[in-house]
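Beneath this line is the structure, given in structure tokens, with notes to follow.
All of the numbers you see were taken from the coordinates with simple rules; none came from a lab. This one's a predicted model, so the numbers in the text were calculated from it and none came from an experiment. Using ideal geometry, Cβ is built from the backbone for each residue, glycine included, and neighbour counts are taken over all protein chains shown.
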């Protein structure tokens with residue numbers, strides 16, 4: 001109970017101190033504004049209502065307007081059709097941007113600049129349908145026979161790269177969640193790294209170690225920053241959802257509730273894994289400038305997991321994807337991808353979670369020993385071997401300065 005209370009005191013201190021800092025508040029505000037801005041700005045800049053304006057001029061069949069409207073309904077394109085007494089008036093409307101296309105004599109389409117292929121297909125299809133109908137009537141062909149003759153053959157589209165129960169939204173959701181996981185784990189893990197170095201350089205850690213074991217201090221720091229990170233992500237997500245309800249300019253991919261729950265689980269596990277390593281390695285450096293150098297190998301492993309997750313999206317059943325989803329350093333980024341792609345049996349995520357928990361427990365023990373042996377060291381950056389060997393001689397000095 002004492003150990004848990006000590007860890008919570010450290011965690012509470014981390015939450016209060018970091019949430020009060022101007023740097024954290026500024027970065028938090030920037031994250032929310034950037035997220036909301038990416039959603040709202042395109043909608044504010046886009047003044048296109050989605051309705052296309054079609055003009056008719058010259059000699060056009062009386063049935064053409066109705067045929068164009070019918071084609072637009074089939075292709076889900078919203079149109080407004082205007083008739084002009086002269087071609088000159090219609091061309092002037094195109095130049096001024098009041099028309100998207102002008103149909104002249106049912107034989108020529110005039111555009112202001114670039115051809116809109118979708119709109120051209122709708123209008124051209126209507127012109128062809130009217131022309132065929134007129135020729136059939138002139139030849140004495142029955143309308144019902146004509147419709148049966150020109151009825152389109154139904155074509156089925158099969159995506160060989162997909163599997164049953166998977167949609168393009170699944171793949172897009174996986175990509176979005178992978179990027180968010182990578183940024184979150186690396187960002188908040190790096191906060192642990194810099195926090196350890198700052199406390200070490202300011203000698204605050206000496207006072208803290210006089211009152212609690214190094215293991216509780218490190219665990220409390222990881223827990224505090226992790227809770228603060230989860231809160232930051234949750235608030236940003238709520239702001240994004242609120243912005244999405246205001247506009248419909250962004251088509252967000254759908255993700256199943258179970259997948260989102262697994263993403264949260266793997267964020268917690270991935271953060272705990274890497275934050276423990278970041279904290280232990282941060283104790284080896286005495287200056288903030290040296291922190292990134294000692295964390296280089298960890299960043300490399302995290303990047304391997306990041307790129308492996310993309311391989312899991314393309315081929316979630318491949319041997320590499322399966323191995324990466326069980327290997328604790330890469331599992332937090334790879335297993336969520338395979339879960340979202342529907343490529344795992346029910347027991348596979350549970351096994352991966354168990355392996356990752358074992359790895360976290362081992363890293364906490366190893367990291368605490370490295371942390372204890374290095375956190376009171378000043379001067380040049382220590383090597384792991386040196387920190388491991390000096391654990392027993394460094395521990396008594398924790399109470400020396402405070403006494």
Counting DSSP beta bridges in segment 51-150, what percent are antiparallel, to the nearest 5?
30 percent
Which whole-number percentage describes the relative contact order of segment 194-305, with Cα contacts under 8 Å and a sequence gap of 6 or more?
47 percent
Residue-span extension gain [residue 145 to residue 8] - 0.36 nm each, minus C-alpha spacing:
41.2 nm
So the FRET efficiency between residue 358 and residue 245, C-beta based with R0 = 45 Å and rounded to 0.05, is 0.60
Expressed as a rounded percentage, what relative contact order does segment 51-150 have, with Cα pairs under 8 Å and six or more residues apart?
33 percent
Mind ranking 356-369, 12-25, 205-218, 126-139 by how tightly packed they are, going by the mean number of other C-beta atoms within 10 angstrom, highest first?
205-218, 356-369, 126-139, 12-25
Could you list 276, 236, 344 in order of exposure, starting from the residue whose Cβ has the fewest other Cβ atoms within 10 Å?
236, 344, 276
Spatial separation of Cα centroids for segment 207-237 and segment 266-337, in angstrom
19 Å
To make sure I understand, if each residue's beta carbon is the centre and we count other beta carbons within 10 Å, what order do 326, 274, 306 fall in, fewest to most?
326, 306, 274
Tell me the Kirkwood hydrodynamic radius of segment 51-150 in angstroms, computed as one over the mean inverse distance between distinct C-alpha pairs.
14.0 Å
Cut-off 19 Å (backbone N to label point 7 Å along Cα→Cβ of residue 29), residues of segment 206-237
232-233, 235-237
I need 28, 84 ordered by Cβ neighbour count within 10 Å, fewest first.
28, 84
Per the rule of 0.36 nm per residue minus the C-alpha distance, extending residue 131 to residue 108 adds in nm 6.9 nm
